[in-house]
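Working notes, beginning with the structure itself.
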Amino acid sequence: MPDTRTIGRILVVDDEANMRKILCTLLAQVGYSVDEAPDAGAALEATERAAYDVVLSDLCMEGRDGLELMDELRRRGSTVPFVLVTAHGSIQVAVEAMKRGCMDFITKPFQREEILRVVEKGVAESCARRERPPLPETEGIISASTKMEAVLADVRRLAALDSTVLLLGETGTGKELVARALHRLSPRAEAPFVAVNCSALPEHLVESELFGHEKGAFTGAHSDKPGRFELADRGTLFLDEVGDLPGPVQVKLLRVLQERMVERVGGVSARRVDVRIVAATHVDLARAVEAGEFRQDLYYRLAVVPLSLPPLRERPEDVQPLWNHFQATLAGRMRRAPLELSSEAASTLAGYAWPGNVRELQNLCERCLALHPGGVVERDDLPEPLRAAPAAPAGSSLLAIAQSRGAEVQRGMIEDALKKTNGNRTHAARLLEISRKTLQNKIREYGIEL
């Protein structure tokens, strides 16, 4: 039986009915679930009812325009990838919108392939964001542990410098949040912070996204387009999952880091950029260098100041503060009263391995708010995987036990997803809400046979 699940949910916003119909039909034909809204007000109502992977909006609309819609979504805390559709005469406005958080823009008249390419990139970015800890940057980093306090002390010392920082740690440990803190505390705070998830970009578009392209550089390049380096000029560029960059792009990135000059794809002249680089990866780049999968010279350029973020299982004292934080933020949105933890439930959560780190804890908070009648969450109210952890063998360290259990949980989830998808790695990665590259790394790490 064919897989009929959609590959992403898109909201199309346009005050012209014919344009909405064209876009909705195009996206539905390739498997997306599509909703439409005739104006910004209806779009905001739709985002309250459902979670979208991409919002695709016209720039010029009656009432609030697309840029105002994006600004309002950001004020409400939404991080959904936002794409503007604009006429040629408003490209400068679109570029300014990207500096303010818009993921991309498409110029009219557009081609089918261009729409699908940009939407695909947005859906991939949404999937990648699900792996990141969602603590809102306005609240800072929630921590009561000495390990995270040591990290924050390093962040405060490094913020005033322009040195390149390489953030290391498992998926979900807060690397992007730390990168934003480095930017907010720096002299560059008023300039753009531009984040790029390298693993979420289609390989054939990575170079164009990072360095920009000139009109006619390749099929679909209908106008000049600045890359992320140019958009981050005078600010900070965050290269997430930098270990997933293909070899040819690693070479060009090395040159940019050395010379601080960017040459667009199809261009003949270079542009100087003033950018502070913060990179992040969950893989062992030193081992990737030994295996010939990552350039040694680029590694040393990126790892000027390496900063390791501890996983949640190594800082159990942060579980209760994070629980309180998520209860306070989620309860209001879900129109529920915050839930408390009994001492037994709190002890259980503190001893859990948390393979999904902060994201897993947030999901648990939301699940409890949705299903629990209110008051205090007892140990028996927690999901079975948290209550079913086996007793610790005598003589084992807490850290060793946590690491072992986390690996067991991850391996089981991956094997189950591969079984459900008959070994299809792309579909399995979608089920697990991780990138295909991350899945491949985990398959190798755990020695899973297909």
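Observations, loosely collected:
- Of the criteria (1) touching an Asp or Glu at 6+ places or on another chain (Cβ under 8 Å); (2) surrounded by 15 or more Cβ atoms within 10 Å (Cβ to Cβ), which one M334 fails: (2)
- Condition check for D244: closer than 28 Å to I434 by Cβ, free of Cβ contacts under 8 Å to residues at least 40 places away in the same chain and within 21 Å of the chain's Cα centre (by Cα): no
- The residues on offer are A37, A50, A46, and the sole one that is farther than 21 Å from R100 by Cα, touching a Lys or Arg at 6+ places or on another chain (Cβ under 9 Å), surrounded by 16 or more Cβ atoms within 10 Å (Cβ to Cβ) and hydrophobic (A, V, I, L, M, F, W, C) is A37.
- Test result for L210, under 16 Å from V95 (Cα atoms) and either in contact (Cβ under 8 Å) with a residue 24 or more places away in the chain or of a type outside the set (K, R) (or both): yes
- Odd one out for P338 among (1) outside the structural domain of A221 (by TED's automatic domain parsing); (2) not in a loop (DSSP other than H, G, I, E, B): (2)
- Taken together, the criteria exclude R272 from residues that are more than 23 Å from the chain's Cα centre (by Cα) and buried (at least 18 other Cβ atoms within 10 Å of the Cβ).
- Residues of the range 145-172 that turn out to be within 17 Å of R184 (Cα to Cα) and in a helix (DSSP H, G or I), as a count: 9
- Every pair of residues 6+ apart whose Cβ atoms lie under 8 Å, when the first sits in the range 294-312 and is assigned by TED's automatic domain parsing to the domain that holds E149 while the second is small (G, A, S) and in a strand (DSSP E or B): L302/A279
- Within the range 372-445, helices (runs of 4 or more DSSP H) holding 2 or more residues that are modelled with pLDDT of 70 or more and in contact with a strand residue (DSSP E or B) (Cβ under 6 Å, 6 or more places away or on another chain): none
- Top-ranked residue of the range 98-152 - restricted to ones that are buried (at least 19 other Cβ atoms within 10 Å of the Cβ) and modelled with pLDDT under 70, ranked as farthest from the chain's Cα centre (by Cα): L135
- Taken as a whole, the condition of being modelled with pLDDT of 90 or more and either buried (at least 21 other Cβ atoms within 10 Å of the Cβ) or of a type in the set (A, V, I, L, M, F, W, C) (or both) applies to L166.
- Cβ-Cβ under 9 Å pairs, at least 6 apart or on other chains, the range 135-150 side aliphatic (A, V, I, L, M), far side modelled with pLDDT under 80 and part of a helix (DSSP H, G or I): none
- Check on L302, out of contact with any Asp or Glu (no Cβ under 9 Å at 6 or more places or on another chain), modelled with pLDDT of 90 or more and buried (at least 17 other Cβ atoms within 10 Å of the Cβ): yes
- Boolean, G332 is outside the structural domain of T47 (by TED's automatic domain parsing), over 23 Å from M413 (Cβ atoms) and in a helix (DSSP H, G or I): yes
The values are calculated or read from the model by the stated rules, or taken from the named source; none is laboratory data. Because the structure is a prediction, the values reported are computed rather than measured. Glycine gets a Cβ as well: all are built from the backbone with ideal geometry, and neighbour counts include every protein chain shown.
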